[in-house]
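**Student:** Below you will find the structure I want to go over with you.
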Ligand code: A3P
């Protein structure tokens, strides 16, 4: 679906005139709003989300940088919260078997609040309402910060995040536009010019909050989740106030959820092989290799050194490394 001028509110158009601008990855331009980079259409969604969203104390917000493993996190937490409703995962009636995780757990700014002049009817959602966002912590609506709603943040090694983003971007770029050059995208990413970037600011915002308010923000890493999925799923369940009972553990519920949400299982479902999101992207674009360290097949030695330096300069002093 191509963006028409009429799809954008006057408020957004006027704001854009005042913002720093760069050439975009998929859309023609990115605009820097409150320190992070955004397309015109998504900026409108961000503005509406910031203005209208009222958090409930029981809400759960999944926050990620694009390509950090959002699809996986959505699937896991949807299955976790709905395990009583769909106790028999093998019964073929689980929504994840027929519906993409992005539909089951909608993005606030990229989906629910994206349409001009149309506000979503989310008050009728049953508690706990489960949403997702890519918006940096400091730009989240005040009601999220002030309420007791919980935030689960997932980050990923920026080298893998970049590799994933570059592949994804080339898949979803309009066919009449040439392939995005690796060097050009890499240069932008390293300067922080990527959707919702700079990546280090995104990460740090949630990281700091998770240290200051441990009951509010849980900070997860893709690589660790891959290594110890069972441990982290149980941690998330505790954090969200719905721990697994001994009986559930002995019945294998934790493993059932992990298997249902595994890359192999989800990526091979009909819906994820052939379906499309309402926003137009093919579901299969969200499943590529699902590996840790795939950047080694893409980045040159110079690129690895450069990105490692950017990571060290921006995250090292905060005790974070990849
Ligand atoms: P790769 O491109 O490295 O394979 P997002 O969901 O934030 O858009 O991130 C997409 C990345 O998560 C892709 O990484 C994708 O393959 C991976 N991914 C998708 N589903 C996954 C799953 N169930 N388990 C692990 N990784 C998954």
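Every number here is computed from the coordinates shown, using simple stated rules; none is lab data. Please read all numbers here as calculations on a predicted model, not as lab measurements. Neighbour counts run over all protein chains shown; Cβ positions are idealised from the backbone, glycine included.
**Student:** Past the 36 angstrom mark, what percentage of all C-alpha to C-alpha distances in the chain do you count?
**Tutor:** Counting every Cα pair in the chain, those more than 36 Å apart make up 15 percent.
**Student:** What area, in nm² and to one decimal, does the C-alpha convex hull of segment 1-151 cast on average over all directions?
**Tutor:** Answer in nm², one decimal: 9.9.
**Student:** I've got another one for you. Using 0.36 nm times the number of residues separating residue 291 and residue 264, minus their current alpha carbon distance, what extension gain do you get?
**Tutor:** Stretched fully, the residue 291-residue 264 segment lengthens by 8.6 nm.
**Student:** How far is the Cα center of segment 1-33 from the Cα center of segment 220-250, in Å?
**Tutor:** 40 Å
**Student:** Here is a further query. Can you compute the FRET efficiency between residue 181 and residue 308 using 1/(1 + (r/R0)^6), with r the Cβ-Cβ distance and R0 = 35 Å? Round to the nearest 0.05.
**Tutor:** 0.95
**Student:** Return the FRET efficiency for the residue pair residue 8, residue 88: r is the Cβ-Cβ distance, R0 is 51 Å, and the value is rounded to the nearest 0.05.
**Tutor:** About 0.65, to the nearest 0.05.
**Student:** May I ask you to compute the full-extension gain from residue 54 to residue 223, defined as 0.36 nm times their residue separation minus their alpha-carbon distance, rounded to one decimal in nm?
**Tutor:** 57.6 nm
**Student:** Could you work out how far apart the two model spin labels at residue 173 and residue 214 are, taking each label as a point 7 Å from the Cα in the direction of the beta carbon, and quote it in nm?
**Tutor:** Here the modelled spin labels are 4.5 nm apart.
**Student:** Let me ask another. By its C-alpha gyration tensor, with a ≥ b ≥ c as the square roots of the eigenvalues, how is segment 244-294 shaped: rounded for a/c under 1.5, else prolate for a/b larger than b/c, else oblate?
**Tutor:** Prolate, since a/c reaches 1.5 and a/b exceeds b/c.
**Student:** Ok, one more. Using only alpha-carbon positions, what ratio does the radius of gyration of segment 144-277 give when scaled by 2.2 N^0.38 Å?
**Tutor:** Rg over 2.2 N^0.38 Å, computed on Cα atoms: 1.29.
**Student:** Still on this model: Apply the Debye scattering formula to segment 219-322, with a single equal point scatterer on each alpha-carbon and no solvent, then give log10 I(q)/I(0) at q = 0.16 Å⁻¹.
**Tutor:** -1.00
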